[in-house]
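The values are calculated or read from the model by the stated rules, or taken from the named source; none is laboratory data. The structure presented is a predicted model; accordingly, all values stated were derived computationally and were not measured. Neighbour counts run over all protein chains shown; Cβ positions are idealised from the backbone, glycine included.
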Amino acid sequence: MATELNRFSKTLTQEVTNPAAQAMLYGIGLKEADMEKPQIGIASTGYEGNTCNMHLNGLSVYVKQGVQANNDMIGLIFNTIGVSDGMTNGNDGMRYSLPSRDIIADSIETVVAAQWYDGVIAVVGCDKNMPGAIMAMARLDRPAIMVYGGTIRSGHYKGQKLDIVSAFEALGKKFANNISDEDYKGVIQNAIPGQGACGGMYTANTMAASIEAMGLSLPFSSSYPATHAGKQEECKKIGVAMKRLLELNLTPRDIITKESLENALTVVMALGGSTNAALHFLAIARAADLPLTLDDIQEISNRVPFIADLKPSGKYYMEDILEIGGVPAVMKYLYSKGLIHGECLTVTGRTLAEDLAEAPDLNFETQKIIFPLESPIKSSGHIQVLYGNLAPQGSVAKITGKEGLTFDGEAKICEHESEIITMLSQGEIKEGHVVVIRNAGPKGGPGMSEMLKPTSAVMGAGLGDKIALITDGRFSGGTHGFVVGHITPEAFDGGPIALVKDGDRITIDANTRQLIVHISDEEMAARKAAWVQPEPKFTKGMLGRYIRTVKSASEGCVTDEA
Ligand code: FES
């Protein structure tokens with residue numbers, strides 16, 4: 001597919017030979033002098049229904065102004081979809097969240113290739129629309145830049161800073177009778193003060209920071225909050241950057257390399273980013289035809305310490321990062337310590353090292369968000385890839401070290417994530433349990449739902465450091481606690497997670513990177529022989545198609561491969 005599309009890449013101008021196309025371009029208001037100008041597609045995931053995306057159509061207008069102002073280019077805005085993870089978490093709508101990533105990739109690829117745009121700028125702001133946009137850019141391989149919509153400001157209630165996770169954890173407190181009705185309402189009404197993506201180092205900010213590190217957005221794109229004046233400035237100067245990419249014929253596959261993927265994942269580890277980054281960078285690498293495996297991610301985790309005191313496990317928000325020099329300052333520090341490949345190219349048309357030379361320095365005397373590498377929060381990355389007889393093809397754990405490095409306990413099975421809420425409210429989940437939430441994988445869910453509601457409810461119930469939670473689903477970037485997700489093969493495919501029973505002993509060991517259920521091979525084989533594959537929950541529609549096409553979590557859940 002990429003070869004086919006690449007025929008059209010690296011062209012400075014579009015030769016319009018179709019008279020209907022020319023007529024339509026005149027019809028939308030272009031003049032004869034415009035016909036030879038490069039056309040830049042501006043893909044917006046803006047929509048009114050949630051705070052991460054509500055302002056993106058407005059930012060796209062600034063981007064268009066930037067593209068057209070004195071740059072001899074035409075900017076053409078189009079829209080694609082978005083799904084809010086925050087709003088779909090804990091309900092069946094979440095089934096559509098991860099699939100939305102691939103729909104976004106497909107739709108941007110479709111419009112840009114069909115309309116033969118010379119370049120594309122994606123204005124995106126939530127968990128799935130960033131990796132979706134980057135996957136499309138990698139497939140298209142035409143000059144491309146991502147503009148992040150920006151992080152949200154924190155909310156406030158009774159002197160406490162709040163964000164989206166505060167709302168979920170308030171629910172957990174409600175179940176445990178740890179919050180009054182008035183305070184519950186106060187948290188819900190004040191947690192989200194306006195536009196911007198969820199404010200901790202959750203999936204959106206993780207992807208924004210790591211994509212900037214990979215070189216596909218301008219410096220500081222991930223650091224400016226949505227309401228900061230710098231965000232509008234970034235949009236307005238994007239045209240100059242796009243013009244330079246066109247002149248240099250610098251395309252995404254010049255920028256997305258094995259080394260720049262390593263830079264991205266290095267920033268994920270250093271900042272304590274979301275486990276979803278593992279899933280998305282596997283998919284981005286596949287879109288760019290680059291080899292990247294779970295083992296490569298583990299190798300980066302082995303050598304990059306976790307150094308950021310950011311939520312969900314820490315104290316600070318993404319808005320605080322700008323005050324200490326932004327993500328460029330963090331990258332400059334990592335580069336100075338030999339953890340970043342400086343020779344990688346970025347959308348500035350320069351090397352990352354050249355970009356970082358202009359970044360501010362971190363001041364370890366005054367700022368307390370980023371720890372020195374010599375005294376990190378954890379000496380290796382928090383994302384750990386575990387194997388074992390419960391995850392023969394891998395799983396992804398989030399282990400910051402604050403919860404300890406091993407957990408040994410008794411299995412408590414939830415066939416659906418909603419069961420954990422009932423179990424918690426009835427006191428059935430107790431200290432020492434390893435809660436197994438299965439049938440939540442890419443095919444079985446379908447859609448590999450996030451478990452933010454269960455993990456937040458566990459936190460709210462005061463069991464965060466007393467139980468572990470494992471699943472063939474995935475976790476929100478907002479999740480913290482002792483959690484293992486992405487278990488592969490998933491239950492729907494008859495993976496060992498489908499065969500675990502209540503009371504089985506399970507060991508999670510981040511030292512040996514193992515996920516083990518303590519039953520014999522003979523017992524496992526007997527259970528497998530008795531196992532019957534469930535009927536797919538959907539056979540038609542988007543979810544039916546997703547079940548038939550999606551690859552495993554260890555393969556990035558891509559949907560465009562045979
Ligand atoms: Fe969009 Fe959290 S729901 S970033």
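Can you name the residue in the stretch 69-81 that is modelled with pLDDT under 95 and of a type outside the set (A, V, I, L, M) and, of all such residues, is nearest to the ligand (Cβ to nearest atom)?
Top of the filtered list is N71.
What number of residues within the stretch 206-231 are among the small types (G, A, S), farther than 15 Å from G325 by Cβ and either assigned to a loop (DSSP other than H, G, I, E, B) or touching a residue at least 60 places away in the same chain (Cβ under 8 Å) (or both)?
5
Kindly evaluate R545 against the criterion of being closer than 30 Å to S107 by Cα and either of a type in the set (V, I, T) or at pLDDT 95 or above (or both).
Answer is yes for this residue.
Within the stretch 35-59, restricting attention to residues that are part of a strand (DSSP E or B) and away from the ligand (no atom under 16 Å from the Cβ), which residue is surrounded by the fewest Cβ atoms within 10 Å (Cβ to Cβ)?
Q39
Could you check the stretch 60-103 and list, in sequence order, the residues that are surrounded by fewer than 21 Cβ atoms within 10 Å (Cβ to Cβ), out of contact with any helix residue (DSSP H, G or I) (no Cβ under 8 Å at 6 or more places or on another chain) and among the charged types (D, E, K, R)?
Residue satisfying the conditions is D92 alone.
Return the only residue of E169, E234, E182 being more than 16 Å from the ligand (Cβ to nearest atom), part of a helix (DSSP H, G or I), touching a residue at least 40 places away in the same chain (Cβ under 8 Å) and among the charged types (D, E, K, R).
Of the residues listed, the single one that is more than 16 Å from the ligand (Cβ to nearest atom), part of a helix (DSSP H, G or I), touching a residue at least 40 places away in the same chain (Cβ under 8 Å) and among the charged types (D, E, K, R) is E234.
Exactly one of these conditions fails for M146: (1) out of contact with any Lys or Arg (no Cβ under 9 Å at 6 or more places or on another chain); (2) modelled with pLDDT of 90 or more; (3) part of a helix (DSSP H, G or I). Give me its number.
The one condition M146 does not meet is (3).
Among the candidates S375, S301, S395, S379, which residue alone is of a type in the set (S, T, N, Q) and without any contact (Cβ under 8 Å) to a residue 24 or more places away in the chain?
S375
Would you mind stating whether H486 is crowded, with 24+ Cβ neighbours inside 10 Å and either of a type in the set (A, V, I, L, M, F, W, C) or touching a strand residue (DSSP E or B) at 6+ places or on another chain (Cβ under 7 Å) (or both)?
Criteria met by H486.
Would you check which residues across the stretch 386-396 are assigned to a strand (DSSP E or B) and surrounded by fewer than 24 Cβ atoms within 10 Å (Cβ to Cβ) and list them?
Those that are assigned to a strand (DSSP E or B) and surrounded by fewer than 24 Cβ atoms within 10 Å (Cβ to Cβ): Y387, G388, P392, Q393.
Would you pick out the residues in the stretch 507-531 that are surrounded by fewer than 16 Cβ atoms within 10 Å (Cβ to Cβ) and in a loop (DSSP other than H, G, I, E, B)?
Within the stretch 507-531, N511, T512, H518, S520, W531 meet the criteria.
What about M135, is it outside any strand (DSSP E or B) and either within 16 Å of the ligand (Cβ to nearest atom) or among the basic types (K, R) (or both)?
no
Report, by residue number, each residue of the stretch 261-307 that is assigned to a loop (DSSP other than H, G, I, E, B), of a type in the set (V, I, T) and over 15 Å from M331 (Cβ atoms).
T275, T293
In this structure, does A457 turn out to be away from the ligand (no atom under 16 Å from the Cβ), under 29 Å from N302 (Cβ atoms) and either buried (at least 24 other Cβ atoms within 10 Å of the Cβ) or within 25 Å of the chain's Cα centre (by Cα) (or both)?
Against the criterion (away from the ligand (no atom under 16 Å from the Cβ), under 29 Å from N302 (Cβ atoms) and either buried (at least 24 other Cβ atoms within 10 Å of the Cβ) or within 25 Å of the chain's Cα centre (by Cα) (or both)), A457 does not qualify.
Take the stretch 242-256 and flag every residue that is closer than 13 Å to L218 by Cβ and touching a strand residue (DSSP E or B) at 6+ places or on another chain (Cβ under 7 Å).
M242, L245, I255 - these are the residues of the stretch 242-256 that are closer than 13 Å to L218 by Cβ and touching a strand residue (DSSP E or B) at 6+ places or on another chain (Cβ under 7 Å).
List the number of the failed condition for G90; all other conditions in (1) more than 16 Å from the ligand (Cβ to nearest atom); (2) not in a helix (DSSP H, G or I) hold.
Of the numbered conditions (1) more than 16 Å from the ligand (Cβ to nearest atom); (2) not in a helix (DSSP H, G or I), the odd one out for G90 is (1).
Go through V330, V347 for me and flag whichever is in a loop (DSSP other than H, G, I, E, B), surrounded by 22 or more Cβ atoms within 10 Å (Cβ to Cβ) and within 22 Å of the chain's Cα centre (by Cα).
From the options V330, V347, the qualifying one is V347.
Please go through the stretch 191-200 and pick out each residue that is more than 10 Å from the ligand (Cβ to nearest atom) and modelled with pLDDT of 95 or more.
If the condition is that a residue be more than 10 Å from the ligand (Cβ to nearest atom) and modelled with pLDDT of 95 or more, then Q195 is the only one that fits.
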